[in-house]
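The values are calculated or read from the model by the stated rules, or taken from the named source; none is laboratory data. If you're wondering where the values come from, they're calculated on a predicted model, not measured in any experiment. When we count neighbours, we look across all protein chains shown, and the Cβ atoms used for this are built from the backbone with ideal geometry, even at glycine.
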Amino acid sequence: MPKKPRPLSDEALVMIAHRFAVLSEPLRLRLVHALFDGEKSVNTLVELTGGTQANVSRHLQTLIHAHILGRRKEGLQVFYSIADPSIFQLCELVCGSLERQLAKQAGVFER
């Protein structure tokens, strides 16, 4: 049986809901996933995600304001990286759960 979580304040619940809302956009998830193996420039992220420069930049700003990503400037280039290491664990939990669910569904359909 899972351990019962400690009670959360209304303020904490609002912050948690905001974090999930930020991660509810597929392009933002693609950006985070693209950064799992290290920092990348905006141009590289545009190439990897297939988004437009303007759209990718807008979503990167949202992820920065949510403290999920960090950025550094080197000359005219801007590089982005994951600032909150807990995002790795969160993605692993969610992705692992979905993989198990899909595998179970596939097993049902194969019968």
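Computed values, structure above
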quantity: Residue check for residue 39: out of contact with any Pro (no Cβ under 9 Å at 6 or more places or on another chain), surrounded by 11 or more Cβ atoms within 10 Å (Cβ to Cβ) and not small (Gly, Ala, Ser); calculated: yes
quantity: Hits in the stretch 42-67 (condition: surrounded by 15 or more Cβ atoms within 10 Å (Cβ to Cβ) and in contact with a strand residue (DSSP E or B) (Cβ under 7 Å, 6 or more places away or on another chain)); calculated: 42, 45, 60, 63
quantity: Of the criteria (1) assigned to a helix (DSSP H, G or I); (2) at pLDDT 95 or above, which one residue 21 fails; calculated: (2)
quantity: Any hit, the stretch 78-88, residues being of a type in the set (D, E, K, R), surrounded by fewer than 12 Cβ atoms within 10 Å (Cβ to Cβ) and part of a loop (DSSP other than H, G, I, E, B); calculated: no
quantity: Lone unmet requirement of (1) surrounded by 11 or more Cβ atoms within 10 Å (Cβ to Cβ); (2) free of Cβ contacts under 8 Å to residues at least 40 places away in the same chain; (3) of a type outside the set (Phe, Trp, Tyr); (4) farther than 28 Å from residue 74 by Cα for residue 19; calculated: (2)
